[in-house]
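Remarks on the structure that follows.
Nothing in this text is a laboratory measurement; each read-out follows from the coordinates by a stated rule. None of the values given here were measured: they were computed from a predicted structure. For neighbour counting, all protein chains shown are included, and Cβ atoms are generated from backbone atoms with ideal geometry for every residue, glycine included.
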């Protein structure tokens, strides 16, 4: 357990690495703390708040950025608010979470930037390295309010590049400057299931990526007129959209993709009846939309506090 006055950097440094079959679990103290740019989490380590008797976790907020450079790191049940250009920001990567290693898991997180959208110039999550990253998992998290409009749709909620078979499951991605979810380039065989991607500059993007699948989720309600197709394609091959809700009343079509780039089956294109878009409650009332998402229509992602 992290000490009351111990920095997270010192806590991580004082503990040995885990192993694939013997994970090291480090419990972060409750409350908020500044972490600057923390890149030193060791392999096969889980960073999480302490559990409570009722099965929840203590609330814990990290102000700063994570660089996940070692394999097997899991981060769960935290709010992480990144920074880059703000005064007194000690971070040196323009991503709230920068994933550069295999077997990384982000689960039940709230990922954003300090000051909200237009408050800084971050990607919320970047998955990229000079070689394809394997077995990344991004699950049941809120990924929101990153980037600045001046960037021209370059700062995304999730930016997946150079990855193989990532699992992107049960997340809400909203209020980001660029795309909510960008698979570009080479985020091959990504499985994006049960996600809601809404109220971003653009919704879902697949570009120079092959064999990715969008399944049982929602893409739509983009702010930017040129990016309003709920699924936007660049040059790509053999991607699929299966039982998706694709809806934007300003879009001329659910996708702008040709048949070689994306095949669609079971698409539903109507208002999903979100509980409260203004307050980022993306559970659905429309019975037909709920049927497409199944259990994901009722799951509320984020930390289990």
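Here are some notes:
- Segment 8-134 - percent relative contact order, Cα under 8 Å, separation 6 or more: 21
- If you bin all the Cα-Cα distances of segment 228-300 at 5 Å, starting from zero, the percentages per bin are 3, 16, 23, 22, 18, 12, 5, 1.
- Shape category assigned to segment 44-89 from the gyration tensor of Cα positions, a/c cut at 1.5: oblate
- Label sites at residue 154 and residue 25, each approximated as a point 7 angstrom past Cα along Cα to Cβ, lie 4.2 nm apart.
- Segment 8-297 - Rg and Dmax from Cα coordinates, angstrom: 18.2, 56
- Helical content alone sets the calculated 222 nm signal of the chain at -1000 deg cm²/dmol, taking -39,500 (n - 2.57) per DSSP H segment of four or more residues and averaging over every residue.
- Multiplying the residue separation of residue 137 and residue 52 by 0.36 nm and subtracting their alpha-carbon distance yields 28.1 nm.
- Euclidean distance of C-alpha centroids, segment 1-80 and segment 239-305, integer Å: 33
- Full extension of the segment from residue 14 to residue 277, taken as 0.36 nm per residue of separation minus the current Cα-Cα distance, would add 90.3 nm.
- Computing Rg and the Kirkwood Rh from the Cα coordinates of segment 70-112 gives a ratio, Rg/Rh, of 1.01.
- Size descriptor, Kirkwood hydrodynamic radius, that averages inverse alpha-carbon separations across segment 117-187, Å: 12.1
- Annotation for segment 189-219 versus segment 103-165: alpha-carbon center distance of 13 Å.
- Counted residue by residue at 0.36 nm each, then reduced by the alpha carbon distance between them, the extension gain from residue 270 to residue 87 reaches 61.5 nm.
- Normalised by the number of residues in the chain, the average gap of Cα pairs under 8 Å and 6 or more apart makes the relative contact order 11 percent.
- Alpha-carbon Rg/Rh ratio, for segment 194-265, with Rh computed the Kirkwood way: 0.93
- Label-point separation, residue 258 to residue 305 (7 Å along Cα→Cβ), nm: 4.9
- Residues 105, 255, 263, 209, ranked from the fewest to the most other C-beta atoms within 10 Å, line up as 263, 105, 255, 209.
- Cα gyration tensor category, rounded, prolate or oblate, for segment 136-251 with a/c compared to 1.5: rounded
- Cβ crowding within 10 Å averaged over residues, with 66-76, 151-161 ranked highest first: 151-161, 66-76
- With Cα atoms as the point set, the radius of gyration and Dmax of segment 18-135 evaluate to 14.1, 43 Å.
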